[in-house]
Structures are given as structure tokens and as C-alpha cells.
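I have placed the structure first, in the form of C-alpha cells, so that the comments after it can refer back to it.
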Amino acid sequence: MPDDVPTHSSSPKPSRPPRSPKRTARRRTEILDASRHLFAQHGIDPVTTNQIAAETGISPGNLYYWFRSKAEIVRALFDEWAERMRIPTEQVSEPVDALRALWNRTTQTQQPDPAYAFFLRDLLPLLHTDPVLAKAYRQGYTTRRDEFVRAVERIIDAGLLHPPAPPTTIRDLVSLLWLISETAQPFASIVDDARIDSQCYGRAIIEPHLTEAGRRALHLPTNADNGDHA
């Protein structure tokens, strides 16, 4: 039996030294890495905990010491993915920085993150069958949506974006960008159309709202550059 799982016997044995934090973190990371690899190859539903254990190079009992179910592994990977999707606060503290972060995230960053693309492929069934994951997803969506709304409000106040025309709200724009980033790729796969591209759609939403100052901040051509001084 691998030495990560404590054993029990009637004969006294010398006590083992406690696991070091580094060793604990390493084994957990190995399990998550193996799970991510298998989920990316096969999808989440067909993969078993026995397969994850084998991919990690440990026994099923060892795996259950760290994660009591596949659902717990999925939730841990979801937490990783959600953290990677956050834009650091220091990148949006100033309006110009916030505009550049928004532009880069929606028009230049590959969506979804290739390491976690399986989540978008399997997202709706997961959320319907795992109430714990569904709650975490809703909380994450609400938090990040509100962060983006506040960032866009600062960008508009700085004269870098035009506000949306009523009845459309800033929250509507942010929600639409979210919807595109998380549904374009699985939809493109279903209809077999490589031209469906979340980055292209993100640009189509944001660019019409850019002011001349906003275009200059992003180093995009302006009307003045095109000889339009009207």
C-alpha cells in the first residue's frame, strides 16, 4: 500500500512523522493534474475514480483519502478554473488598465482556457446534477459580473467607452460577453463551424462603444488616423 495512506495494525509501530505541507500539496496537485488530463481527453462523465487513481499512480484507497468522490475533484478543478478566470485587481485599478484588461480578455485571450475546456463542454449537465457546484458557479458568476460592471463604469466615466444606449445596461453588456465566452466554443463544436469565435464576437460587442480616447489607449486606428476630422 502506498505510504500516503495511514495503516492500522494491532501490533504497535513507530509513529510516522506528519506529512509535510509540500508533500500534501504535491499529491493533491498530482491527482488534479491527472483528472484534468483525463477529463480533457474523454469528458467528465465517462472517467471513473479508478481511472484517475491509475493515471496518478496511486491506489483507489489513496485517492479517496484525498477526495471522497469524483464530484469533489470536479469542484476542486472548478475552483482552479474560476481563479484563473479572474482579472487581478491591480490590472483594473486605473480606467486605462481596466480597458486594456477587458479588451485583452474578451478579444485576444483564448476562450475557454484549453486546460479547462472540458468544463464548458459538460457545464450544463454538471450544474443540473451537482447543487454544490451550481451554487459555487452562481456565486462566482455574480461576483465576477459585478466586478466587471464596476470596472466598465469606471472606464465609461473616464471617457474611454460610450455607455450603452437605453434600455441596454452595462450589466447587459457584461452578461452578454460572459455568455459568449462560455457558450461559443461548445456551440461551434456542436454545429461544426470553426468560424464561430468568442474573440471575434467579443470585439464586435466592445469596439462600437470605444471612444477616440479608448481607441488610442488600445493603439487602434482612430477617425483622425483615417483622415476623418468631421
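So how tilted is helix 117-129 from the main axis of the chain? Cα-based, degrees 0 to 90, rounded to 10. Taking Cα atoms only, the helix is inclined about 70 degrees. Compared with the dominant principal axis of the Cα atoms in the chain, helix 70-85 is inclined by about 30°. All C-alpha pair distances within the stretch 144-230, sorted into 5 Å bins from zero, spread as 3, 13, 19, 21, 17, 13, 10, 4, 1, 0 percent across the bins. With the convex hull of its Cα atoms as the shape, the stretch 32-121 has an orientation-averaged projected area of 6.7 nm². For the chain, the relative contact order comes to 19 percent (Cα pairs under 8 Å, sequence separation of at least 6). For the set H37, H209, H128, solvent exposure ranked by accessible area (probe 1.4 Å, protein chains only) runs largest to smallest as H128, H37, H209. For the stretch 124-174, the dipole from Cβ point charges (+1 on Lys and Arg, -1 on Asp and Glu) about the Cα centre works out to 120 debye, to the nearest 20.
Find, among the trypsin sites (Lys or Arg not before Pro) in the stretch 66-111, those assigned to loop by DSSP (not H, G, I, E, B) with at most 13 other beta-carbon atoms within 10 angstrom. Walk me through the numbers on the way to the answer.
On the way: sites: R68, K70, R75, R84, R86, R100, R105; in loops: R68, R86.
Qualifying residues, ordered by number: R68, R86.
Share of carbon and sulfur in the accessible area of the chain stands at 54%, probe radius 1.4 Å. Remark: the Y64-R138 segment gains 23.9 nm on full extension, using 0.36 nm per residue and subtracting the alpha carbon distance.
For L210, the residues whose amide H sits under 5 Å from its own are H162, ignoring neighbours fewer than 5 places away on the same chain, with H placed 1.01 Å from N.
Over the chain, average the accessible area per residue using a 1.4 Å probe and give it in Å², no decimals. Walk me through the numbers before you get to the answer.
On the way: 13650 Å² over 230 residues.
Accessible area per residue: 59 Å².
With the charge dipole of the stretch 164-210 set up from +1 on Lys and Arg Cβ and -1 on Asp and Glu Cβ about the Cα centre, the Cα lying farthest toward the positive end among the listed residues L177, A165, S198 is that of A165. For the chain, the longest principal axis of the Cα atoms and the long axis of helix 95-107 meet at an angle of about 70 degrees.
Note on the chain: Rg/Rh from C-alpha atoms, Kirkwood Rh, equals 1.11.
The values are calculated or read from the model by the stated rules, or taken from the named source; none is laboratory data. What you see is a predicted model; the values in this text were computed from it and never measured. Using ideal geometry, Cβ is built from the backbone for each residue, glycine included, and neighbour counts are taken over all protein chains shown. What goes into the accessible areas is simple: the full protein's heavy atoms, side chains included, and nothing from ligands, DNA or RNA. Shrake-Rupley method; radii C 1.70, N 1.55, O 1.52, S 1.80 Å.
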